[in-house]
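S.K.: Structure incoming, see below.
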Amino acid sequence: MSSTLNSFLTGFVIISIVYMLASISGLFAERSGTINLSINGGMIVAAGAYAFTMYVLTHSNFGNGLINFSIWMIFVGLLSSLIIGIMIGFLLSFATITLRSDQVITGTAINIIAPIITIIALWSLNSFSSIDMNPYIMTTFSNLTTLEIAIITFVIFSILIFILWLIMKFTSFGLRLKSAGENPQALAMSGISVVKTKYIAILISSILSALAGFVWIALPGLSSSFNNNVEGIGFLALGILIIGQWRFHWVILSGILFSILYSVVHTYTEQFANAKYILYAIPYIGSIIALPLVSKYSRTPKAIGIPYINSGR
């Protein structure tokens, strides 16, 4: 297999995981009636937590040089990503559900705070502004190729996504979640806690955005360093969610199509060095073009963005 094809396939497989996790993260929150603009922020802090944990465990000044990068460290880094992601999710849910703050403003604030948190964390590591992730990429301890690692990871997360589809499509919780986003008053009249349903939905959403940040930073083929950003993938995931009309299968299909576009651009961009930054913008420009085309077919959850008040029924 040629190196170019290998690079394309590796990039496609990994970025498709990231896009699907991030867009489904938004799907769970918004089908429950909560606008989640903080996906990008959740990805940033999760990726930053993984990078920070890897450095602390392996650097001589923090781990006494006793720990070499290994498979168990990935799980420690994953755990740190999930913990910080859940904290961000709790902040979002407490502010928007309990305090009934403006959901757009709250999500925007989290997106602003997220890179500040990671900047402070990096500067605590001897004033670093970024962390080179090459020593912590999974290929450093495995005989598998980058493509093989990508495919194995894709299979694992595809199973997770399939389980999430089953939950939303065929379980009573999935029905309650969708009811919370369409008619929360009717859900409350049936004796179901709308607040609890929304909290669980945002918890799932925050875990998925944290997983997206983890995959983006930990797997080979996408990012070789952490610089307090995730290339705006969380915002593009929101575009994929809207293009997919908040329907699970259409969101997945949209994510795959944008993954192909992303992989083509990043595989061949080095051949157009003078225009590479323009080429990097193509997936984002594509989402801007696509959004108006699908807006007239919008199937937005009816109660999205409306704070739920118990006495409102």
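S.K.: Could you work out what % of the accessible surface of the stretch 134-255 is carbon and sulfur, using a 1.4 angstrom probe and leaving DNA, RNA and ligands out of the count?
M.R.: Here it works out to 70 percent.
S.K.: While we're here: Just Leu219, Leu166, Leu122 to compare: in a GNM of the chain, with alpha carbon springs under 10 Å, which one fluctuates most?
M.R.: Leu166
S.K.: Now for a different question. Per the 1.4 Å probe, what fraction of the accessible area of the stretch 1-58, in percent, lies on carbon and sulfur atoms?
M.R.: Of the solvent-accessible surface of the stretch 1-58, carbon and sulfur hold 68 percent.
S.K.: Rounded if a/c is under 1.5, else prolate if a/b is larger than b/c, else oblate: which is the stretch 79-164, with a ≥ b ≥ c the root eigenvalues of its Cα gyration tensor?
M.R.: oblate
S.K.: Which order do Thr96, Thr171 take when ranked by solvent-accessible area (1.4 Å probe, heavy atoms of all protein chains), largest first?
M.R.: Largest accessible area first, the list is Thr171, Thr96.
S.K.: Right, something else. Ile131's amide H: which non-local residues (gap 5+, or another chain) put their own amide H closer than 5 Å, with H modeled 1.01 Å from N in plane and none for Pro or chain starts?
M.R.: The list, which skips near neighbours in sequence, is Phe226.
S.K.: Apply the Karplus parameterisation 6.51 cos²θ - 1.76 cosθ + 1.60, with θ equal to phi minus 60°, to every residue of the stretch 190-205 and state each ³J(HN,Hα) to the nearest whole Hz, in sequence, with x for glycine and proline.
M.R.: 3J(HN,Hα) across the stretch 190-205, in whole Hz: 7, x, 9, 6, 5, 4, 4, 4, 5, 4, 5, 4, 6, 4, 4, 4.
S.K.: Need one word for the stretch 138-251: rounded, prolate or oblate. Basis is the Cα gyration tensor (sqrt eigenvalues a ≥ b ≥ c); a/c below 1.5 gives rounded, then a/b vs b/c decides.
M.R.: prolate
S.K.: Continuing with the same structure: Once phi is turned into ³J(HN,Hα) by the Karplus curve 6.51 cos²θ - 1.76 cosθ + 1.60 with θ = phi - 60°, what whole-Hz value does each residue of the stretch 91-97 show in order, with x for glycine and proline?
M.R.: Using θ = phi - 60°, the values come out as 4, 5, 5, 4, 5, 8, 9 Hz.
S.K.: In the Gaussian network model of the chain, springs joining C-alpha atoms below 10 Å, which of Ser205, Ser287, Ser124 carries the largest mean-square fluctuation?
M.R.: Checking each option, the largest mean-square fluctuation is seen for Ser124.
S.K.: Skipping prolines and chain starts, which residues have an amide H placed within reach, meaning under 5 Å, of the one on Thr34, given they are 5 or more residues away or on another chain?
M.R.: Amide H neighbours of Thr34, under 5 Å, 5+ apart: Gly305.
S.K.: I would also like to ask the following. So with the 1.4 Å probe, I'd like the accessible area per residue for the chain, rounded to whole Å².
M.R.: It amounts to 46 Å² per residue over the chain.
S.K.: If you roll a 1.4 angstrom probe over the protein chains with everything in place, what fraction of the accessible area of the stretch 82-129 belongs to carbon and sulfur, to the nearest %?
M.R.: Carbon with sulfur: 79 percent of the solvent-accessible area.
S.K.: Can you work out ³J(HN,Hα) from phi for every residue in the stretch 169-184, in order, using Karplus 6.51 cos²θ - 1.76 cosθ + 1.60 and θ = phi - 60°, giving whole Hz and x for Gly and Pro?
M.R.: Calculated HN-Hα couplings, in order: 8, 10, 9, 5, 5, x, 5, 5, 4, 5, 5, 4, x, 9, 8, x Hz.
S.K.: Inverting the mean 1/r over all pairs of different Cα atoms, compute the Kirkwood radius of the chain and quote it in Å.
M.R.: Result for the chain, one decimal place: 20.1 Å.
The values are calculated or read from the model by the stated rules, or taken from the named source; none is laboratory data. Quick caveat: nothing in here was measured; it's all calculated off a predicted structure. To get the accessible areas, we keep the full protein, side chains included, count just its heavy atoms, and leave off ligands, DNA and RNA. Shrake-Rupley method; radii C 1.70, N 1.55, O 1.52, S 1.80 Å.
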